[in-house]
1. Using only alpha carbon positions, build the gyration tensor of region 3-164, then give the equivalent ellipsoid semi-axes as the square roots of 5 times its eigenvalues, largest first, whole angstrom.
2. What is the angle, in °, between the Cα long axis of helix 143-164 and the longest principal axis of the Cα atoms in the chain? Nearest 10 is fine, range 0 to 90.
3. If you average the alpha carbon positions of region 148-164 and of region 57-116, how far apart do those two centres end up, in angstrom?
4. How large is the dipole of region 3-164 about the Cα centre if only Lys and Arg carry +1 and Asp and Glu carry -1, each at its Cβ, rounded to the nearest 20 debye?
5. Using a Gaussian network model of the chain whose springs link C-alpha atoms within less than 10 Å, name the residue from Arg71, Arg12, Arg101 with the highest mean-square fluctuation.
6. Quick one: angle between helix 3-26 and the longest Cα principal axis of the chain, in degrees between 0 and 90, rounded to 10, please.
7. Tell me the relative contact order for the chain as a rounded percent, counting alpha carbon contacts under 8 Å between residues six or more apart.
8. How big is region 128-168 by the Kirkwood estimate over distinct Cα pairs, in Å?
Amino acid sequence: MSRSEAWSRSRRMSFVIIMCALSSALALFTIPIGFTSLHVTQFPIILTGLIAGPWTGSMVGLLGTIVMAYRLTPPNPYIVFGNAMLGFFTGLLYSNLKKIRTRLIVPQVLSTLGAYAIQSPYVYLTDVYLAGIPSQVVLTILLPSLLVEDIICVLLSHLVIYRMKLDG
C-alpha cells in the first residue's frame, strides 16, 4: 500500500469516526413539536452518504445511532438498521443521480427522498411488529416526522457540501 493510499484510508476512517460521534451527540437533542419531537441525528448519515458513498453512509447509520436506539423507552434497536439503510440508499441513489445536469440540490433531495421511500416499509414493519408501536402512531406520527427530519437534514447537508465545496 502506497503512502497516499494509507493517508486516504486513514482520512476516511477518521471521517467515519467523527460522523458517528456527531450522530451520537445529535441523538441527545430533540426539538419538541406538538405530539412528537424532531431530531437531526440523520444529518451526519445523509451527509456521509452524499459525499462518501453508500457503504460509508451505511456504516455511519449503523454505528452512529446506537445511542439513540437505546436511549428510547423502551429501547428500539431496529432504528440502527433503518438508519444504515438510509445512509446506504442515499449514497447509492446519489451516486447515480448526481450525473443529472441540474442544480446540485435536486439530486441530493431526490436521493434522500428515495432512501426514505425504501426505508419506510422497514420502519413500519419493525416498529409495529417487533417494537410493538401501534400502527396508527407509526403512520400518523413517526413516518411523517421521519420525512420532515430527512428533508431538514438533506438541506443542512447541502449547505455543508456547498460551503465546503465537497462535491465536484
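No lab work stands behind these numbers, since they all come straight from the coordinates. From a predicted model like this one, the values you see are computed outputs, not experimental measurements. Neighbour counts are summed over all protein chains in view; Cβ atoms, including those assigned to glycine, are modelled from backbone coordinates with ideal geometry.
1. On the way: eigenvalues 136, 66, 39 Å².
Working from the Cα gyration tensor, I get semi-axes of 26, 18, 14 Å.
2. With both axes taken from Cα atoms, the answer is about 20 degrees.
3. 12
4. Details: 10 positive and 4 negative charges, 147 e Å.
Dipole size: approximately 700 debye.
5. Looking only at Arg71, Arg12, Arg101, the biggest GNM fluctuation is shown by Arg101.
6. 20
7. Details: 250 pairs, mean separation 37.3, N = 168.
Worked out over the chain, it gives 22 percent.
8. On the way: mean 1/r = 0.0822 Å⁻¹.
Hydrodynamic radius (Kirkwood, Cα pairs) of region 128-168 is 12.2 Å.
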